[in-house]
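The values are calculated or read from the model by the stated rules, or taken from the named source; none is laboratory data. Predicted model only: the values in this text are computed from it and were never measured. Here the Cβ positions follow ideal geometry from the backbone for every residue, glycine too, while neighbour counts run over all protein chains shown. Note: areas computed on protein heavy atoms with side chains; ligands, DNA, RNA excluded. Shrake-Rupley method; radii C 1.70, N 1.55, O 1.52, S 1.80 Å.
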Amino acid sequence: MRVALFSGGRGAAGIARALLRTPGLDLALLVNGYDNGLSTGALRRYLPGMLGPSDFRKNLLLHLGRDDPRRALLEHRLPPGSTLADLDRIAGAAPEAVARDLRIFAARLAADPGGFDLADCALGNLVFAGAYLRLGEDFNAAVRACARTFATPARLLNVTDGANAYLVALKQDGRVLADEADIVGPQDAAAITGLFLLPAPLTGPELAGLAGLPAERVRELLARRAVPAAPDPGALRALADSDLVVYGPGTPHSSLLPSYLTQGVAEAVAGGRSAARVFVVNVGSDHDVQGLSATDLVDRALAYLGDPGNERRLITHILSHDGPASGPAVPRAVAERGTWAGARWIAADLEDPCRPGTHHGPRTVAALRALLGETPLARAG
C-alpha cells in the first residue's frame, strides 16, 4: 500500500512513525521549506536562495531510536561561542558523508567568518546547508542527499521544485505577519485570512506602507507580488500513485496550507488512484488557528486546494478525536450528522494519553486503514 502524507516538522510525527512500522507500506512525506524562524531564518539569510531545512531535518528523525547517534547529531545545537574549530572537531568525529557536508559549509563560513553566528544552530541544518552548496545550490537535491545519508525509509519530498519563496500572512484586521516565524508565534485573536508566497522578504518601509490600509487593499497588494509555487515532479507522482492521501495534522498556516498552494497538487490528487483522501483534524491547538473550528480548517484546506465546494472529492473523509481536546472544536451538529463538505466525518479516540495534544500513532493509522478498507476501490484492489 502506498501512502502520501502532507506533513510539517513534528505535528504528524507519531502518525508517520506508525506508518513506517506498518509492513508492506510505502510512505511518501510531502513537506514545504518555508520555515524562517530563529537559526533557520538566520541560515536562509546567510545563504540567499535556500529554503528552510528544519522541517526536513525533523522528518529524518522518524526512524531513529532515542539512542541512535544519528539522532543526536541531527538535533545537536551548537552552544554560544561556537567557532569554525568546533565545527571541524565535530566533523572529524562524524560519519564520512556528514563530515563532507559540514566541511563544505565550514569552508563557506571561513570565507565570510562574520556572516553567520553558529550559536543555537541545529547541526542537522548545517549538514543540509553543506549538501545544498555541494549540489549546486539545488535544495531538492540536498533533501534527497540527506535522506540517503541518514537512511530514511520514507520518501522525503519537498512539495515544490525548490525555488526560494517567503511566506507572509494577512490577518482579518489587515495586519501583516511578515514571515513564517510570526505566523507560528503568539499573536492576537484576529484570524489569518490569507497566505502569500513572495519572492523576497517584506522590508521595513514596505510593511510601514501596508500598515493602516484596509484589509482588502493589503490583500490586493500582496497578491500582486505573490509568486506561483511550481511542484516537484516526484511529489506529484507520489500523490497520483498513492492508495491513501492524508492531509496530516500540524501547524496549518505554515506547515500544511502553503503546501496546497503548489501548482498541480490538486490535479494530482483528483486524477490519482487514491481510494481515500483523509483530512486529520489537529488534537492540539496552535497560535495560528485561534477562533477557528475544525470545519473552518477543512474549508480552508479545500479553498487552498482550489476546490472550495469539494466537487473534485479532494477530501473524502475527515478524521477527528472523539473526546475532550485542546484543538479546534468540532461543531456538535457536524459530529451528529457525520458529514461536512460532502466528506464523511468520523470521530475516534486518537489522542496519545502519554502526550496530550498529539495523535496516538498506531490508533490513528488503524483508523486510516479502516477507512481505506471501506472504499470500493480499495476492496477491488
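Details
- Residue list for the range 128-146, restricted to those being of a type in the set (Gly, Ala, Ser), under 20 Å from the mean Cα position of the chain (by Cα) and farther than 15 Å from Thr40 by Cα: Ala141, Ala142, Ala145
- Flag if Leu170 is free of Cβ contacts under 8 Å to residues at least 24 places away in the same chain and within 23 Å of Ala303 (Cα to Cα): no
- Test result for Leu319, within 22 Å of Asn140 (Cβ to Cβ) and either without any contact (Cβ under 8 Å) to a residue 12 or more places away in the chain or open to solvent by less than 30 Å² (accessible area, probe 1.4 Å) (or both): no
- Scanning the range 103-131 for residues that are of a type outside the set (A, V, I, L, M) and in a helix (DSSP H, G or I) turns up Arg103, Phe105, Arg108, Gly124, Asn125, Phe128, Gly130.
- Each residue in the range 236-277 was checked for being in a helix (DSSP H, G or I), in contact (Cβ under 8 Å) with a residue 40 or more places away in the chain and of a type in the set (Asp, Glu), and 1 pass.
- Hits in the range 289-312 (condition: in contact with a strand residue (DSSP E or B) (Cβ under 7 Å, 6 or more places away or on another chain) and either of a type in the set (Lys, Arg) or more than 13 Å from Thr339 (Cα to Cα) (or both)): Ala301
- Of all residues in the range 232-257 being of a type in the set (Ser, Thr, Tyr) and open to solvent by less than 10 Å² (accessible area, probe 1.4 Å), the one that is farthest from Asn164 (Cα to Cα): Ser242
- Which numbered condition Gly338 fails, given (1) modelled with pLDDT under 95; (2) of a type outside the set (A, V, I, L, M); (3) at positive phi: (1)
- Evaluation of Asn310 against the conditions (1) under 17 Å from Leu368 (Cα atoms); (2) free of Cβ contacts under 8 Å to residues at least 40 places away in the same chain; (3) in a loop (DSSP other than H, G, I, E, B); (4) not small (Gly, Ala, Ser) shows that the sole unmet condition is (1).
- Among the residues of the range 34-56, those that are under 16 Å from the mean Cα position of the chain (by Cα), hydroxyl-bearing (Ser, Thr, Tyr) and outside any loop (DSSP other than H, G, I, E, B) comprise Thr40, Ser54.
- Unmet requirement for Pro199, which otherwise passes all of (1) open to solvent by 40 Å² or more (accessible area, probe 1.4 Å); (2) under 23 Å from Tyr46 (Cα atoms); (3) touching a helix residue (DSSP H, G or I) at 6+ places or on another chain (Cβ under 8 Å); (4) modelled with pLDDT under 95: (4)
- Ala111 being more than 29 Å from Val184 (Cβ to Cβ) and open to solvent by 30 Å² or more (accessible area, probe 1.4 Å): yes
- Scope the range 278-294; condition more than 22 Å from Thr160 (Cβ to Cβ), assigned to a helix (DSSP H, G or I) and open to solvent by less than 10 Å² (accessible area, probe 1.4 Å); matching residues: Val289, Ala294
- When restricted to residues that are assigned to a strand (DSSP E or B), open to solvent by less than 10 Å² (accessible area, probe 1.4 Å) and under 16 Å from Ala147 (Cβ atoms), the range 5-33 contains 6.
- Each residue in the range 96-108 was checked for being in contact (Cβ under 8 Å) with a residue 24 or more places away in the chain and open to solvent by 60 Å² or more (accessible area, probe 1.4 Å), and 3 of them qualify.
- All conditions but one from (1) at negative phi; (2) aliphatic (A, V, I, L, M); (3) open to solvent by 20 Å² or more (accessible area, probe 1.4 Å) apply to Ala151; the one that does not is (1).
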